Amino acid sequence: MVSLYHISDIHVSSKYFQPELMEQLISEVNQVRPDLLVLSGDLTDRGLGFEYQEAKRWTDRFEVPMLVTPGNHDSRNVGYVHFEDLYGSRYRIVRLPGVHIVAADSSEPDLDEGRIGRSIYPWLHEALDAAGEGDLKVFVTHHHLLPVPGAGRERNILQDAGDLLKVLVDHGVELVLNGHKHVPWVWRFENMLIVNAGTATTSRLRGKGKPSYAVIDLDREAITVRHKYYDGSEDILHHPLERRTPA
Ligand SMILES: [Fe+2]
Ligand SMILES: [Fe+2]
C-alpha cells in the first residue's frame with residue numbers, strides 16, 4: 001500500500017495564514033511518514049520572492065518526499081521563476097511502488113484562470129504512458145476539473161477540463177488531485193476519483209468550511225480518502241477499484 005498526504009493552498013504569506021495549523025500539520029506528517037506529500041499549489045499569496053522563501057522555510061521542515069506543483073497565486077508577478085529555483089520543474093513524474101504520479105502546472109502568469117494548454121498534451125501522453133504494467137496512475141494539478149459544491153459561483157475551472165478529462169480517462173488514471181477552491185470534496189468520474197483538497201493552513205474559507213487536508217491510501221483494490229480537520233473530525237470515502245482485465 002502507498003500512503004499520500006495531499007495538502008493545498010497553504011498561502012503562507014497571506015493574512016489568512018495560520019502558522020499554528022502548519023506546525024500541527026508538519027508534526028503529524030513527520031510522525032506518520034507517508035510515502036509522499038503532495039502540495040497542489042498556492043504556496044504563496046502573490047508569487048513574490050520573499051513569500052517563496054517563507055514557503056520554502058516551512059516546507060523544508062517536512063521530513064518526507066514531496067511533490068509540489070504551482071497554483072495561480074504562485075504565478076503572479078513572474079513567481080514561477082522562484083518556484084523553479086526552489087521546487088524544480090513545474091512538470092514532474094514521481095514513481096512509487098505500484099503507483100505512477102504525473103504532475104502538471106495549470107497556472108497562467110497573472111491570471112486566476114487555469115489550463116494545461118495544447119503544447120503540454122504530447123508530454124502528458126508520454127508521461128502517462130511511462131507507467132509500469134499494473135501501476136495505479138495519479139494526476140496532480142492545481143485547478144479543479146469539475147465544479148465543487150459549496151464553492152460559490154463557479155469560476156476558474158480548467159479551461160481545457162474536457163480535453164484533460166478525456167486524456168486521463170483514456171489513460172486509465174485512477175486518481176486526480178486538485179486544489180484551488182479551498183473546499184474539500186471528492187467526485188467519482190468513470191473509474192477515477194477526483195479529490196479536491198481544501199486549504200490546509202488558512203482561514204480563507206467558504207461558509208462554515210474548516211481548514212483541512214487529505215490522507216489517501218492506495219492499493220490495487222481500493223483508494224481511501226480521508227479529509228481531515230484540525231479538530232480531529234474527518235470525512236472518509238472508500239472507493240473500490242474496478243479490476244481491469246489485461247488486454
Ligand atoms: Fe488558493
Ligand atoms: Fe488557486
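Just so it is clear, none of the values below were taken in a lab; they were calculated from the coordinates. Computed from a prediction, not measured in an experiment: that's the story for all the values here. Reconstructed Cβ throughout: ideal geometry from the backbone, glycine too, with neighbour counts over all protein chains shown.
Any idea which of (1) farther than 16 Å from G41 by Cβ; (2) surrounded by fewer than 19 Cβ atoms within 10 Å (Cβ to Cβ) is the one D112 doesn't satisfy?
Evaluating D112 over (1) farther than 16 Å from G41 by Cβ; (2) surrounded by fewer than 19 Cβ atoms within 10 Å (Cβ to Cβ) leaves (1) as the failure.
Does L165 count as surrounded by 15 or more Cβ atoms within 10 Å (Cβ to Cβ), assigned to a loop (DSSP other than H, G, I, E, B) and more than 16 Å from ligand 1 (Cβ to nearest atom)?
Criteria not met by L165.
Here is a list: I120, I101. Which entry is assigned to a helix (DSSP H, G or I) and away from ligand 2 (no atom under 14 Å from the Cβ)?
On the way: I101 fails: assigned to a helix (DSSP H, G or I).
After applying the criteria, what remains is I120.
Might you check whether a residue that is in a loop (DSSP other than H, G, I, E, B), hydroxyl-bearing (S, T, Y) and free of Cβ contacts under 8 Å to residues at least 40 places away in the same chain occurs anywhere in the range 219-228?
There is no residue in the range 219-228 that is in a loop (DSSP other than H, G, I, E, B), hydroxyl-bearing (S, T, Y) and free of Cβ contacts under 8 Å to residues at least 40 places away in the same chain.
Restricted to the range 1-23, and to residues that are in contact (Cβ under 8 Å) with a residue 60 or more places away in the chain and over 19 Å from the mean Cα position of the chain (by Cα), which residue is surrounded by the fewest Cβ atoms within 10 Å (Cβ to Cβ)?
Going through the range 1-23, the residues in contact (Cβ under 8 Å) with a residue 60 or more places away in the chain turn out to be 1-12, 14, 16-19, 21-22.
With over 19 Å from the mean Cα position of the chain (by Cα) added as a condition, the list becomes 1, 14, 16, 18-19.
Working: M1: 13, S14: 19, Y16: 16, Q18: 18, P19: 10.
The selected residue is P19.
Can you find, within the range 132-151, the residue that is nearest to N72 (Cα to Cα) among those that are touching a residue at least 24 places away in the same chain (Cβ under 8 Å), in a loop (DSSP other than H, G, I, E, B) and away from ligand 2 (no atom under 14 Å from the Cβ)?
Restricting attention to the range 132-151, the residues satisfying the condition of being touching a residue at least 24 places away in the same chain (Cβ under 8 Å) are 132, 134-146, 148-151.
Now narrow it down to the ones that are in a loop (DSSP other than H, G, I, E, B): 132, 134-135, 141-146, 148-151.
From what's left, away from ligand 2 (no atom under 14 Å from the Cβ): 132, 134-135, 146, 149-150.
Working: G132: 32, G134: 33, D135: 30, L146: 17, P149: 21, G150: 21 Å.
Applying the filter and picking the extreme gives L146.
Looking at G98, G49, can you tell me which residue is under 17 Å from S3 (Cα atoms) and more than 17 Å from the chain's Cα centre (by Cα)?
Only one candidate passes the filter, namely G98.
Considering only residues of the range 124-152 that are surrounded by fewer than 17 Cβ atoms within 10 Å (Cβ to Cβ) and within 16 Å of ligand 1 (Cβ to nearest atom), which is farthest from L36 (Cα to Cα)?
The qualifying residue farthest from L36 (Cα to Cα) is G152.
Could you check, for the range 90-99, whether at least one of its residues is surrounded by 20 or more Cβ atoms within 10 Å (Cβ to Cβ), away from ligand 1 (no atom under 16 Å from the Cβ) and under 19 Å from A214 (Cα atoms)?
yes
Identify all residues within the range 24-46 that are within 16 Å of the chain's Cα centre (by Cα), within 15 Å of ligand 1 (Cβ to nearest atom) and of a type outside the set (V, I, T); write none if there are none.
L39, S40, G41, D42, L43
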